[in-house]
Amino acid sequence: MNQDPLPKYRFLVTLDLGDAYLPPAQAQLLPLVAAGAFQEVAGLGAQLEVTSYSEGGRNDSVHQLPLRHSWNRITLKRGVVRDFGLWAWYQAGLADSLGARRDGAVILLAPDGTPGAAWAFHGGLAAKWSGPDLHAEQNAVAIESLEIAHEGLTRVEQDIAANVLPPQSQGR
């Protein structure tokens, strides 16, 4: 097994349909979501809120007690395209947060194009959409971003991550 650090510039993002959260008849009405590439993914992380508790008679230290665990929002950024996928997902959440939930994964690829590491998120909601900053004096790509609030992040084993990849992207 190769123990070299993985480069951060080759990755895939998958977003599943929300059919796991809806009755089958409603799930068929949902459009496909977020087909396309992203130029940046940020926010893979979590934190444990801790409170200090001073015990009477003990002056040499303070106990650190866990309170609750929370997950960072995942931010996806991509060039604006004519596909309304990210916007449609955000719009769906305004009307029905249950139907707008999506599971997905971020897959970091090894130099040979095989999955090197992967993280799956569960019950994601499109919590914030940001359109591009427009500047007439700059020749740059217009970028949109989407923040995903989710209910959990799990590290996926490499064997499972390989099955998540679309066939055309394996081995590139």
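The values are calculated or read from the model by the stated rules, or taken from the named source; none is laboratory data. Just so it is clear, the structure is predicted and the values come from calculations on it, not from any experiment. Ideal geometry is used to build each Cβ from the backbone, glycine not excepted, and the neighbour counts take in all protein chains shown.
Can you confirm whether Ala110 is buried (at least 16 other Cβ atoms within 10 Å of the Cβ), touching a strand residue (DSSP E or B) at 6+ places or on another chain (Cβ under 9 Å) and either over 18 Å from Ile74 (Cβ atoms) or in contact (Cβ under 8 Å) with a residue 24 or more places away in the chain (or both)?
no
Just checking, which of Ala37, Ala42, Ala46 is modelled with pLDDT under 80, within 21 Å of Ile148 (Cα to Cα), hydrophobic (A, V, I, L, M, F, W, C) and surrounded by 10 or more Cβ atoms within 10 Å (Cβ to Cβ)?
Matching residue, one of Ala37, Ala42, Ala46: Ala37.
Sort out which residues of region 96-114 are within 14 Å of Leu15 (Cβ to Cβ) and not in a strand (DSSP E or B), and write them in order of number.
Scanning region 96-114 gives Ala100, Arg101.
Modelled with pLDDT of 95 or more, out of contact with any helix residue (DSSP H, G or I) (no Cβ under 8 Å at 6 or more places or on another chain), more than 18 Å from Leu12 (Cβ to Cβ) and not hydrophobic (A, V, I, L, M, F, W, C): does that describe Arg73?
Criteria met by Arg73.
What are the pairs, 6+ residues apart or on separate chains, where a residue within region 127-147 that is free of Cβ contacts under 8 Å to residues at least 60 places away in the same chain has its Cβ under 6 Å from a residue that is surrounded by fewer than 15 Cβ atoms within 10 Å (Cβ to Cβ)?
Between residues of region 127-147 that are free of Cβ contacts under 8 Å to residues at least 60 places away in the same chain and residues that are surrounded by fewer than 15 Cβ atoms within 10 Å (Cβ to Cβ), the close pairs are Pro132/Val80; Pro132/Ala142.
Considering region 115-134 alone, what residues qualify as being closer than 17 Å to Ala37 by Cα and either outside any strand (DSSP E or B) or of a type in the set (D, E, K, R) (or both)?
Residues satisfying the conditions are Gly131, Pro132.
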